[in-house]
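One structure is given here, and the rest of the page talks about it.
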Amino acid sequence: MTVVLVIVAAVAVLALLVGVHLYVWRRLVRDTTRPGVVRRVGAGVVVALGVSMVGALVLPKVFGPRGTEWIAWPGFVWMALLLYVVLALGLLELPRLFALRALRRRGGEVSRAVAPVPVPVGAAEATEPDPEPAAGSAGTPLGPDRRLVLTRSVALLAAGTSLGTVGYGMTQALGAPRTVRVRIPVARLDPRLAGFRIAVVGDIHLGPLLGHAHTTRVVETINRTNPDLVAIVGDLADGTAAQLGGDAAPLRRLSARHGAFFVTGNHDYMSGATDWIAELAELGVRTLANDRLEITRGGAAFDLAGVNDVTGKSHHDGPDFAKTLGDRDPSRPVVLLAHQPVQVKDASRYDVDVQLSGHTHGGQMFPVQLLVKLDQPAVAGLHRVDDTMLYVTRGAGFWGPPVRVGAPPEVTVVELHPK
């Protein structure tokens, strides 16, 4: 049954991709060109871009992220361009139809205006020349010239908007993450822990488009904040530790008084979580796998806990809140690291004070945020769920397209303060 479902899903996705590319070909190529070489070349370009997108999704998983950059860059950039060109064309559909109807109506009025006047039988034939046909009429009420001007204008507007949006989004995604500072009130926090700083980063996503230089940027951004503790809330890589371990090496230079900690994300399970946990241990980053420890300062303490991602269930390594939090001292506050915001539903039942999460990328590319809201209780920022404060970071990397629109990459410094 599982194999059948996978096949059905794959066929459905392929049909969707083919349909979307046919729509783009129709609006950007067929409607804007006359039959001939240019139209055939345009069709070939659309097909090649579609193939590159499928290759970007498949080849890095088959052959590894290193060595497949040549297909990943054009394929993933086209994925972003496709999203925005389809959105732009969709928004322009009604104006385009109204404009076509207006031109047809105008062309019909011109045709009636120049219609020949009936001549009585036997009357002398008119000696004056026939009036010139309306410009652009070309034998039809609308005329191919006017139709081409309109369809080309729509295509240029959609393509230009998409290129501009993706170009801006690439400057955001490929730049250094910004630093965000957030104060979180914690009811049970001892005043001696006031101002305790946790640098939160998630979704680094090492892979075919992000490597050693990206990790270095992230580490330098974190270290400049002079944190007491570093929390990496999942989705470190899209590739195995054997393939990308060298790109993660700068994590060794993380500097925090109480160390650096990690919890698994869904992509980590797809990339060999066990090997990554061992690799991170070599780099001085401790994984909290359904585990917790006591963090002390000046005689005061709070619990730092971490649960596995929900994807771990399919790997017999899912989250275990009872094991992680069941026997803790209820007089101490607890800060929980959990990759997905949706895990706050369980966290609140275990009286967690603060949950730090990632996963959403803040939507990464507007308007994807609207879809994320269907699956998660929060997309980005600070929220309250029952008595638990939930903070969701937009993350420092990206998945797929090297584009961020309305969701810049970030490292967050969470400051804990007594309520």
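The values are calculated or read from the model by the stated rules, or taken from the named source; none is laboratory data. Note that the structure is a prediction, hence the values are computed from the model and not measured. Note that we place each Cβ from the backbone using ideal geometry, even for glycine, and neighbour counts take in every protein chain shown.
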Given (1) farther than 30 Å from residue 33 by Cβ; (2) surrounded by fewer than 19 Cβ atoms within 10 Å (Cβ to Cβ); (3) not polar (S, T, N, Q), number of the condition residue 214 does not satisfy: (2)
Complete set of residues in the range 144-173 that are surrounded by fewer than 17 Cβ atoms within 10 Å (Cβ to Cβ) and under 30 Å from residue 213 (Cα atoms): 163, 164, 167, 168, 171
Pairs where the first residue, in the range 70-89, is within 16 Å of residue 160 (Cα to Cα) and the second is of a type in the set (D, E, K, R) and crowded, with 21+ Cβ neighbours inside 10 Å, C-beta under 7 Å, 6+ apart: 89/27
Matching residues in the range 35-68 - criterion: being in a loop (DSSP other than H, G, I, E, B) and either surrounded by 19 or more Cβ atoms within 10 Å (Cβ to Cβ) or free of Cβ contacts under 8 Å to residues at least 24 places away in the same chain (or both): 35, 36, 65, 67, 68
Leading residue by the ranking (farthest from the chain's Cα centre (by Cα)) among those in the range 229-277 that are within 19 Å of residue 413 (Cβ to Cβ) and among the basic types (Lys, Arg): 257
Search result, residues across the range 382-410 that are aliphatic (A, V, I, L, M) and under 30 Å from residue 53 (Cβ atoms): 392, 396, 403, 405, 407
Boolean, residue 203 is part of a loop (DSSP other than H, G, I, E, B) and either among the small types (Gly, Ala, Ser) or modelled with pLDDT of 95 or more (or both): yes
Test result for residue 72, modelled with pLDDT of 95 or more, part of a helix (DSSP H, G or I), over 20 Å from the mean Cα position of the chain (by Cα) and on the phi < 0 side of the Ramachandran plot: no
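Are there strands (runs of 3 or more DSSP E) fully within the range 275-375 with at least 1 residues that are over 29 Å from residue 407 (Cα atoms)? List them.
Answer list for the range 275-375: 291-297, 300-306.
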